[in-house]
Structures are given as C-alpha cells and as structure tokens.
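The values are calculated or read from the model by the stated rules, or taken from the named source; none is laboratory data. For clarity, every value in this text was computed on a predicted model and none was experimentally measured. Methodologically, a virtual Cβ is constructed for each residue, glycine included, from the backbone with ideal geometry; neighbour enumeration extends over all protein chains shown.
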Amino acid sequence: MKSGFIGIIGEPNVGKSSLMNRLIGEKISIVSPKPQTTRDAIRGILTTDEYQMIFIDTPGLLTPKTELGRYMSKETDSGVKDVDVLVIVIDGNKRLSDKNIALIEKKLKNNLTPTYLVINKTDEAGFERIYPLLNRLSYLLTKDGDREALKEIIPTSCKNGSNIDVLRNYLVSELKDDIMYYPEGDLTDRSLRFVCGEIIREKALLYLQDEVPHGIGLIINKFDEKQSSVLVEADIVCEKESHKRIIIGENGQMIKQIGEQSRLAIMRKVDKNVYLNLFVKVRVGWRNKKNFLSDLGYEG
Ligand SMILES: Nc1nc2c(ncn2[C@@H]2O[C@H](COP(=O)(O)OP(=O)(O)OP(=O)(O)O)[C@@H](O)[C@H]2O)c(=O)[nH]1
Ligand SMILES: [Mg+2]
C-alpha cells in the first residue's frame, strides 16, 4: 500500500477541480464556467487496494484584489506546501502568454517536488493547437540551473477522459509513503455540511451572470441530518440590494431554480430526502470585511 499527497494548481478556470474529480471518479469539488469557483483548498481521496492518493484542489492562481482573494491565495499556498507531487494545469485552448510561462517557470524554481504539467481541454483545442504548445513547453523537461525539470507534459481532457488514466499511472508511480492517511470510504476531508454549501454555490454560479456570481457567499445556518432526511437552511450572501433582486428573480423564479437544482444535487449526494430553505442576505462589501468572511468560513 503506497500513499501520498498530490497538489493541483493553475490559473482560474483551467479545469483543476474537474481534473481532481476525474482522477478520483467522483464529484468532490464544484465546477463552473465562471473563474474563481474554488475558494478553499479541498482534499479529494482515492483509495484502492494498492494505493491511497490524496489530491488537493486549490483556488486558481491570481493576484488578490480583496480580502477573500488573499484568503484564497493563502489556501493555495498552504494547501500545496508539503505535497509529494505537484500537478500544474493549463488550458490547451488558451493562448500561452509569456506571463503564463513565467508562472510555470517560477513554480519549478528550486522545486524538488516531482512536477507534472497537464494541458487540459484537448477535446476543444484539438491537436493543431496542442502540438505547438507541447513544442513550446518541451524545454521545461530539461533542468536549467536552479529551474528544475518537469517530469512529464500530459495533454488531457476532463470532458472525454483522454489521458486521465495515463496521468493517474504517473502519479501512482510517485507515491512513497506506506501509511493510509484516511479510512477507506472517505472521499474528502470536508464535512457534508460544507459540501452542501458548495453545491448551492455551484448552482448559483451556474445560473447567475455578470458580476453577481463573484460576490456570492454561502452560510449554512441549519444542517439537521436524520435517518431518512436532511434539513438544510442556508443564506446566499450578496454584496448589493440590486444583486439580491437578481438572485431572487422575477416572482422568485431564480431562487426557486437555484434551490430546486441544489436540492436535487444534495439528494443525490446523501441519498435521502432533502428539505432546503434558502434566504438571500445583503452584506455590503463582505469580501473585504474580516468578520463577514469568518461568518462565511473564509478564515485562517
Ligand atoms: N471542454 C472542456 N471543458 C472543460 C474541461 N475541463 C474543465 N472544463 C470546463 O472548464 C470550466 C472550469 O472548470 P473547473 O474545473 O471549475 O476549473 P478550475 O480550474 O477548478 O477553476 P477555478 O476553481 O475557478 O480556479 C468548467 O465549465 C468545466 O466544465 C475539459 O477537459 N474540456
Ligand atoms: Mg476549481
């Protein structure tokens, strides 16, 4: 039995959470088309007869502009601080700028942790785009001074599953520890209460547009799990009265849709009846206020 910790980092929206979910084969982290979906370092655990991999999905790398952004950056840094393997993800669909490359180079500086580069979204990019990327990045497979070498560059698709097995096999070969860190059956380090909050946030991110989604937070006020049912009461926190009106929607249509989709997703997760009551609260500028942030669980 081998085990180890695998950190997944990369810019926002490249598919880090999708990749962790694919590698584990279960939906652990929420995924959305909006950047900055993941706000906490979230562990996802894959246990088989031969190994236990503990993945750490992290918030996208970016320069923070708010207190929430600073919290997210800290989560990323501390989340991958002592990992055994690092996976850097880029979006194969996007133009690779000098800034993107500099970021990868920086991560490889004096870095003795085995590091893999994943070029994701190959289903959209196609090999006409992927080949030039591979060509441009292949120099990173050779060490240069204090810049360590990448172990491999692997094109993947989380949409159709291409090369996920290949990546997983590489990662298995890096596992060195011989203890089981989590009991068999554990899929994440997070509580069901946290996971439910994330599910509601995912549905809100999915249906809301423009600047509203980024200003949304979730507080679970009640989480009452019984033998055959779960009662959840939650506040969707937003930054402005105008956002509150959008979240509620005409005749309450929007909040109803978010609530119903969340309820169904939570039901699938817990395999019990779910009663969900959602409220919308305005907390002006919460993303910059420490006391509000701690109410939302973004603390430390
Ligand atoms: N076509 C395609 N879309 C993908 C792939 N992987 C992820 N996506 C989509 O890309 C978007 C972002 O995916 P996430 O997994 O949330 O990305 P992330 O890197 O975790 O994003 P943040 O948490 O915001 O940093 C979602 O709409 C995904 O469905 C892929 O391989 N192909
Ligand atoms: Mg994510």
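Every residue, every condition in (1) within 26 Å of A41 (Cβ to Cβ); (2) in contact with a helix residue (DSSP H, G or I) (Cβ under 6 Å, 6 or more places away or on another chain), yes or no:
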{"position": "I199", "(1), (2)": "yes, yes"}
{"position": "H214", "(1), (2)": "yes, no"}
{"position": "S228", "(1), (2)": "no, no"}
{"position": "Q253", "(1), (2)": "no, no"}
Out of (1) surrounded by fewer than 13 Cβ atoms within 10 Å (Cβ to Cβ); (2) of a type outside the set (G, A, S); (3) assigned to a helix (DSSP H, G or I), the odd one out for R263 is which? (1)
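Counting only residues that are in a strand (DSSP E or B), more than 9 Å from ligand 2 (Cβ to nearest atom) and surrounded by 23 or more Cβ atoms within 10 Å (Cβ to Cβ), how many does the range 19-53 have?
Count: 2.
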In the set G10, G44, G25, the lone residue that is more than 7 Å from ligand 1 (Cβ to nearest atom), of a type outside the set (V, I, T) and under 22 Å from D82 (Cα atoms) is G44
Could you list, ordered by first residue, the pairs with Cβ atoms under 9 Å in which the first is in the range 256-283 and outside the structural domain of V31 (by TED's automatic domain parsing) and free of Cβ contacts under 8 Å to residues at least 12 places away in the same chain and the second is outside any helix (DSSP H, G or I) and loosely packed, with under 15 Cβ neighbours inside 10 Å, at least 6 apart or interchain? M267/N273
Contacts under 8 angstrom Cβ, first residue in the range 97-117 being on the phi < 0 side of the Ramachandran plot, partner among the small types (G, A, S) and modelled with pLDDT of 95 or more, 6 or more apart: L108/A149
Looking only at the range 96-141, count how many residues are in contact with a Pro (Cβ under 9 Å, 6 or more places away or on another chain), closer than 22 Å to V172 by Cβ and assigned to a helix (DSSP H, G or I). 1
